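Take a look at the structure set out below.
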Amino acid sequence: MTDELINIPQHVAIIMDGNGRWAQSRGKKRVIGHKNGVESVRSVVSAARKQGIKALTLFAFSSENWQRPEGEVNVLMDLFMYVLTREVKKLHKNNIRFQVVGELSRFSEKLQKMIKSAELLTQDNNAMVLSIAANYGGRWDIANAARVLAEKSVAGKITASEINEASLAQEICLADLPELDLLIRTGGDYRISNFLLWQAAYAELYFTDVLWPDFKEKEFLKAIACFDSRERRFGLTGEQIKK
């Protein structure tokens, strides 16, 4: 299927939804769904790497997820630890750069050190960038960028007139990556849940009923094929694009 594709997105982001429902539909605890979801992460990262996608961003833990049951949050933190200790070495071998974006100060000191270590290990890799959004929110991202610009203005490093879309974009998370081309959400909901609000301004959106633990390479390639079939106009007319 992918041999016929013309337009491969350079940057894909995914809201990995449906782990809990996947487990509950099988009479299991929600945490089992999160553990099975790790297999989908492996599959999608591998598929993205093979397709030549330059950046893959996964929404692992939103700033709102702290409100979930304590046991579930603890499992998510344990899975995060597991990924950092086991999966990062595999990413490094495959020339993939790993980074975590979000407000990391709320995580334990141990977890913060592990994140930093993983980022340092893979910092020179250039085949693909895997970004994990953890304790992340799109509104927080924009507000944080605005705060940085305000501090620069107060310090006299920039003037108020220099605060514009371009300067704000430079302070937004993932500013060093290609523009977001495709935003995927699994699990059947049709919203972006405060994820990459700024970055998704011109992204193509793809929603699927498939729950995240069942979203493997085949489903990922369906989303890529759907992206390839769309006409991206960026405010222009179809006739202008075809010229």
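The values are calculated or read from the model by the stated rules, or taken from the named source; none is laboratory data. Just so it is clear, the structure is predicted and the values come from calculations on it, not from any experiment. Virtual Cβ from ideal backbone geometry, glycine too; neighbours counted across all protein chains shown. Just so you know, the surface numbers come from the protein's heavy atoms only, side chains and all, with ligands and any DNA or RNA stripped out. Shrake-Rupley method; radii C 1.70, N 1.55, O 1.52, S 1.80 Å.
Starting from 0.36 nm per residue, how many nanometres of slack lie between L120 and Q170 once their C-alpha separation is accounted for? Don't jump to the answer; show the numbers that get you there.
On the way: separation 50, 0.36 × 50 = 18.00 nm, distance 2.19 nm.
Result for the pair: 15.8 nm of gain on full extension.
Output the peptides 146-154, 192-200 sorted from most to least packed, where packing is the average of other Cβ atoms within 10 Å over each peptide's residues.
Result, highest mean first: 192-200, 146-154.
Quick one: pull the percent of accessible area on segment 148-199 belonging to carbon and sulfur, 1.4 Å probe, ligands and nucleic acids left out.
Values: 1480 of 2830 Å².
Solvent-exposed carbon and sulfur of segment 148-199 make up 52 percent of the total.
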For the chain, what is the calculated [θ] at 222 nm in deg cm²/dmol (nearest 500), taking -39500 (n - 2.57) for each run of four or more DSSP H residues and dividing by its residue count? -13000 deg cm²/dmol
Packing rank of 62-73, 88-99, 37-48, where each peptide gets the mean count of other beta carbons within 10 Å, highest leading: 37-48, 88-99, 62-73
What order do you get for 158-169, 211-222 when each peptide is scored by the mean count of other beta carbon atoms within 10 Å, highest first? 211-222, 158-169
Long-range amide H partners of V100, meaning residues 5 or more apart or on another chain whose placed amide H is closer than 5 Å, are I132
With charges only on Cβ, +1 for K and R and -1 for D and E, what is the dipole size of the chain about its Cα centre, in debye, rounded to 20? 680 debye
At R0 = 45 Å, FRET efficiency that the Cβ-Cβ distance of T159 and R26 yields, to 0.05: 0.15
Ignoring ligands, DNA and RNA, what percent of the 1.4 Å accessible area of segment 43-104 is carbon and sulfur? 48 percent
Write down the accessible area per residue of the chain in Å², having rolled a 1.4 Å probe over the full set of protein chains. 53 Å²
Rounded to the nearest Å, what's the spacing between the alpha carbon centres of segment 67-104 and segment 1-52? Just the number, please. 15 Å
